[in-house]
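Report on the structure given below.
The values are calculated or read from the model by the stated rules, or taken from the named source; none is laboratory data. Values in this document were obtained by computation on a predicted structure and should not be read as measured data. Cβ atoms come from the backbone with ideal geometry, glycine included; neighbour counts cover every protein chain shown.
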Amino acid sequence: MSVIETNKLTKYYGRSRGIVDVDLAVEKGEIFGFIGPNGAGKSTTIRALLGLIFPTGGTGSIFGLDAVRNGRRIRRRLGYIPGEVEYYDRMSVRELMEYSARFYGVELDGRFDHLVRLFELDLKRNLSDLSMGNKRKVSIVLSLLHRPELLILDEPTNGLDPLMQAHFYEVLRRENAEGVTVFLSSHILGEVQKVCGRVAIIKEGSVVAVEDIATLRGKHLNRIHVEFAEEVPEGRLEIAGTVSVEKRNAGYRILYSGDINSLLTMLNRWKIRALTIEEPSLEEVFMHYYQS
């Protein structure tokens, strides 16, 4: 039995599309990525699964329990990091932790102390005084207080600096090694590639592909910005693997899916003034590989 399962899960807000016929199956013990551009339907899917909104059609279940009828039972067994973090501003961080722990009937033990040190939380500070990044760290610790069986994470690294992101991935891998299933939503392709085994890709409210990370990496694009010290005709820059070439001011932008060494060999025919290689946006990945 899948830990998370949806069957044609659909949500409309009046006439506006939320999600349409979303089918997912997340197996016990995996770290499953859910990726797509902002506004694609990731948060709507999660909120419908958690019973925070009611679907227009279809079904969703967690632990084999219907998401609409059994929301309270489901939520006791999972940890959740929402996309937007809001708390009771008059509370201190410690007061919020103690308040949340009482809901689950757990104590703030040595594991809690470790997480507080790891994420450098000041338990005495008021929640109203915290930056977005510090509120995000609070949400991470809160999601783990009760040793959940499942973590549902909606853009969990928003606002975290690189060191805290590294700590977060470390904790995620450790929890997964102990049997926790993880459902990780993100609009950052590189983020899910670090930890996920499989990913579902959602675009305009519909799942357009479910793939192993290894397969997705094989389709991965590079975005190259190159500026030459001499005139180079645009047509000379296309080789096998070139998806597109665009003239940009004093240089070119190239989307490329082949062997990067072959591209660099070709570019070195001319004198290069500047060169950068970047990960493309998910929108670009979708445009070239997941057009419907």
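Results, tabulated for the structure shown:
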quantity	calculated
Residue, nearest to Gly83 (Cα to Cα), within region 14-46, restricted to residues that are surrounded by fewer than 22 Cβ atoms within 10 Å (Cβ to Cβ) and of a type in the set (Lys, Arg)	Arg17
Residue list for region 189-222, filter: farther than 20 Å from Glu27 by Cβ and either free of Cβ contacts under 8 Å to residues at least 24 places away in the same chain or crowded, with 17+ Cβ neighbours inside 10 Å (or both)	Leu189, Glu191, Lys203, Gly205, Ser206, Gly218, Leu221, Asn222
Tally, over region 251-271, of residues that are within 29 Å of Ile188 (Cβ to Cβ) and in contact with a strand residue (DSSP E or B) (Cβ under 8 Å, 6 or more places away or on another chain)	11
Exclusive hit being closer than 11 Å to Val207 by Cβ and in contact with a Leu (Cβ under 9 Å, 6 or more places away or on another chain), set Leu9, Leu49	Leu9
Matching option when the condition is over 20 Å from the mean Cα position of the chain (by Cα), in the same structural domain as Val26 (by TED's automatic domain parsing) and of a type in the set (A, V, I, L, M), among Leu142, Leu121	Leu121
Residues of region 54-86 satisfying the condition of being in contact with a helix residue (DSSP H, G or I) (Cβ under 8 Å, 6 or more places away or on another chain) and either assigned to a strand (DSSP E or B) or surrounded by 15 or more Cβ atoms within 10 Å (Cβ to Cβ) (or both)	Pro55, Gly60, Ile62, Phe63, Leu65, Ala67, Gly79, Tyr80, Ile81, Pro82, Gly83, Val85
Tally, over region 149-178, of residues that are within 22 Å of Ser2 (Cα to Cα) and surrounded by 20 or more Cβ atoms within 10 Å (Cβ to Cβ)	5
